Amino acid sequence: MVKLNITKLTCIATVTSAIILHTGTSYAQEKMTPQEFLDGYEHCNNTNTSPTVFTNCLNKLMAKKNGTEFTPIEQTETKKPSNSIVVNKCKSEWGTDFEMQEYCQKNQYKALSKWNVVKDSKDGLLRGIINKCSTDWPDDFVMKFDCYEKQGTGLKQMSAYFDSDNIQLKTIATDCVAKWESDWVMSEYCTSNQISAFNRLNGG
């Protein structure tokens, strides 16, 4: 059953994920007051264009508050030892082309470093996204994290539909979520197309 308070849940999910990305700790261990935390969320949400941009925005505010260094998550690097999944994937794909193996591993490790800081989220909505992306892309961390970003964007867009005062729009969104279950990208695509068709049929 789809609950219409999805916006609040999305807020909690996104913020919780951002904290884990920044410190690996829980909200209770941070130094921000609840009001500072809420203000930061609202500021970053207003400037957000993607889950990564939002996360970097909030992490930067938290780093400033805590007096720690801020590093964008796209600049994080994974240290050795090597990961057998990455090594085997790149060997399988590129054989004796060692230059491409190296390039493949570099991209996979960069994505793996990002994936490692989100994959253990306990939030229900993010957990569904993580499980889906893990299943869809078991040995490809580049595609796995890309899936996480796109699903997160779809979830944010769907939350805007549920936050609307338009009953028809909420009904369409609810039907699409029921049809596509945990796939927020397809739920948003379905909702957008259905709303467009409804408006055309009704002279909108």
Looking at (1) more than 17 Å from the chain's Cα centre (by Cα); (2) at pLDDT below 95; (3) surrounded by 15 or more Cβ atoms within 10 Å (Cβ to Cβ), find the lone condition where R127 falls short.
-> (1)
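Against the condition of a type outside the set (F, W, Y), closer than 21 Å to P72 by Cβ, touching a residue at least 24 places away in the same chain (Cβ under 8 Å) and out of contact with any strand residue (DSSP E or B) (no Cβ under 6 Å at 6 or more places or on another chain), how does S159 come out, does it pass?
Details: of a type outside the set (F, W, Y): yes; closer than 21 Å to P72 by Cβ: no; touching a residue at least 24 places away in the same chain (Cβ under 8 Å): yes; out of contact with any strand residue (DSSP E or B) (no Cβ under 6 Å at 6 or more places or on another chain): yes.
So S159 fails the test.
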Please find, within the range 130-181, the residue that is farthest from the chain's Cα centre (by Cα) out of those that are closer than 28 Å to K91 by Cα, buried (at least 17 other Cβ atoms within 10 Å of the Cβ) and aliphatic (A, V, I, L, M).
-> V142
Evaluate the range 141-162: report whether one residue or more is at pLDDT 95 or above and among the β-branched types (V, I, T).
-> yes
Exactly one condition in (1) within 22 Å of S182 (Cα to Cα); (2) modelled with pLDDT under 95 is not met by N59; state its number.
-> (1)
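The values are calculated or read from the model by the stated rules, or taken from the named source; none is laboratory data. Remember, it's a predicted structure, so these values are computed and weren't measured experimentally. All Cβ positions, even for glycine, are placed from backbone atoms using ideal geometry, and neighbour counts span all protein chains on display.
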